[in-house]
Amino acid sequence: MNVPENFPRLPDPTALSGAHPKIAARLINGAYVGGYTQTEIETRYEVCADLVTQLTAYYHRKKSQPPARTHEQLLAQMAEALGQKDWGLTDAEIEWCMAEVELAVESGQ
């Protein structure tokens, strides 16, 4: 799968409590992994790409309905609502999705 270069590849920073230094890592197949595996990145990209498609359609539906909102207002409301969802997306993935929706809308998709 071709994941775009601009797609986020790192999870949000992890905070670990305690006085001693710690590192956030997972043991996968005998190796410690500090971020996402390639398979996880591809899966997260598929989810985000599908979400972009859905959000683009949502944008067009909402843009044609009252109350009248500007392009910027509607995108801002969508970004805020997306950030409030508990869908397991990182902040960077939400930002990427909204940038892709804006590109799709501006290109007439």
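Where a number appears in this text, it was derived from the coordinates with a stated rule and is not lab data. The model shown is predicted, which means the values in this text are computed figures rather than measured ones. Positions of Cβ are backbone-derived with ideal geometry, glycine not excepted, and every protein chain shown enters the neighbour counts.
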Packing-wise, with mean Cβ within 10 Å as the measure, how do 28-34, 16-22 rank, highest first?
28-34, 16-22
I need the shape label for the chain. Rule: rounded when a/c is under 1.5, else prolate if a/b > b/c, else oblate, with a, b, c from the alpha carbon gyration tensor.
prolate
In the stretch 19-81, if every C-alpha pair distance is counted and binned at 5 Å from zero, what percent goes to each bin?
3, 13, 16, 13, 10, 9, 9, 9, 8, 5, 3, 0
Mean Cβ count within 10 Å, highest first, over the residues of peptides 53-60, 77-84, 1-8, 97-104
97-104, 53-60, 77-84, 1-8
Projecting the Cα atoms of MET98, TRP87, LEU55 onto the charge dipole of the chain, where Lys and Arg contribute +1 and Asp and Glu -1 at Cβ, the residue farthest towards the positive end is TRP87
Once you sort the root eigenvalues of the Cα gyration tensor of the stretch 63-109 as a ≥ b ≥ c, which label holds: rounded (a/c under 1.5), prolate (a/b larger than b/c) or oblate (the other case)?
oblate
Would you mind pulling out the separation of the Cα centroids of the stretch 42-60 and the stretch 16-30, in Å?
32
Quick one: length gained pulling GLN77 to ARG61 fully straight, 0.36 nm per residue minus the C-alpha distance?
4.4 nm
Excluding same-chain residues fewer than 8 positions from LYS22, which lysines have a Cα within less than 30 Å of its Cα?
LYS85
